[in-house]
1. Cβ-Cβ below 6 Å, separation at least six or inter-chain, first residue in segment 19-31 and at positive phi, second surrounded by 17 or more Cβ atoms within 10 Å (Cβ to Cβ) and assigned to a helix (DSSP H, G or I): which pairs?
2. Of all residues in segment 54-64, which are free of Cβ contacts under 8 Å to residues at least 40 places away in the same chain and over 14 Å from residue 102 (Cβ atoms)?
3. Inside segment 1-94, counting only helices (runs of 4 or more DSSP H) that do not spill past its ends, which hold 1 or more residues that are within 22 Å of residue 127 (Cα to Cα)?
4. Answer yes or no: is there a residue in segment 242-258 that is under 29 Å from residue 40 (Cα atoms), at pLDDT 95 or above, outside any helix (DSSP H, G or I) and touching a helix residue (DSSP H, G or I) at 6+ places or on another chain (Cβ under 9 Å).
5. Within segment 95-104, which residues are surrounded by 23 or more Cβ atoms within 10 Å (Cβ to Cβ), more than 12 Å from the chain's Cα centre (by Cα) and in a loop (DSSP other than H, G, I, E, B)?
6. Anything in segment 105-118 that is touching a helix residue (DSSP H, G or I) at 6+ places or on another chain (Cβ under 7 Å) and either at pLDDT below 95 or in a strand (DSSP E or B) (or both)? List them, or say none.
7. Of the conditions (1) surrounded by 22 or more Cβ atoms within 10 Å (Cβ to Cβ); (2) within 18 Å of the chain's Cα centre (by Cα); (3) assigned to a loop (DSSP other than H, G, I, E, B), residue 217 clears all except one; give me its number.
8. Residue check, residue 130 against (1) surrounded by fewer than 18 Cβ atoms within 10 Å (Cβ to Cβ); (2) within 29 Å of residue 46 (Cβ to Cβ); (3) touching a strand residue (DSSP E or B) at 6+ places or on another chain (Cβ under 8 Å), all met but one. Which one?
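The values are calculated or read from the model by the stated rules, or taken from the named source; none is laboratory data. Everything numeric here is computed off the predicted structure, so don't read it as measured data. Counting neighbours? That spans all protein chains shown, and the Cβs are built from the backbone with ideal geometry, glycine included.
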């Protein structure tokens, strides 16, 4: 991902995805839990600490201590803020009352082994909170070029538990729809694979293209949280993905509050009905288009 220092203190993705439509009727992602499988998180960050429901570490960082999910790269902290920063100081989080389960699967070297990732997904699927909470959505702003059968199996297990799996498409794109760039688990048809687009509605040049892209969301110069109470702008599919995750959190919060039954298909159809296609691009670049709640 590319980074720039933060200037204005707002995540433009809030308006880009129209999150305020749900805020205005009292739905901020409450009663939803999102597992952020990433590089960890600064759980003491002023905009995040009140929304952290748990942590777990599957890497060798900090001598492999399972309860320490220190974010040494800032990636996971930034992703977490886009999903559920509390917005007490800055306007950042799409679902500011959602709870975050921080699962560290990528260590300080920014390398995630398949073993770590598979364990993280299975942990999130089986996790139960003190009050019986369960994971509603997994956010994976990561990927691997290898299709490992056990990874697909772990993802399928999550989906069978009605957990939404939202995954970054990847940043290996060359700007051409004639070539495919594929990362897993994003390329699995059953997950929601997210590409990046700018505020100008031009797909981000480095956003992967392939036949299984689902949606695009804002992925350029996105303002969010960074370790030690800092803030920064980052670009890439990693920061587009949590916008979709946050949007699903808002929708689920609404459905739960209204005691409406829902399934993966019902929510996906809702997303389809609230997206629009960009002219001049095929589904390999944009999937079903840009989500706008």
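1. 29/249; 29/250; 29/253; 31/253
2. If the condition is that a residue be free of Cβ contacts under 8 Å to residues at least 40 places away in the same chain and over 14 Å from residue 102 (Cβ atoms), then 63, 64 are the ones that fit.
3. 75-84
4. No, because not a single residue in segment 242-258 is under 29 Å from residue 40 (Cα atoms), at pLDDT 95 or above, outside any helix (DSSP H, G or I) and touching a helix residue (DSSP H, G or I) at 6+ places or on another chain (Cβ under 9 Å).
5. Listed by number, the residues that qualify are 96, 98.
6. Listed by number, the residues that qualify are 107, 108, 114.
7. (3)
8. Going through the list (1) surrounded by fewer than 18 Cβ atoms within 10 Å (Cβ to Cβ); (2) within 29 Å of residue 46 (Cβ to Cβ); (3) touching a strand residue (DSSP E or B) at 6+ places or on another chain (Cβ under 8 Å), residue 130 breaks only (3).
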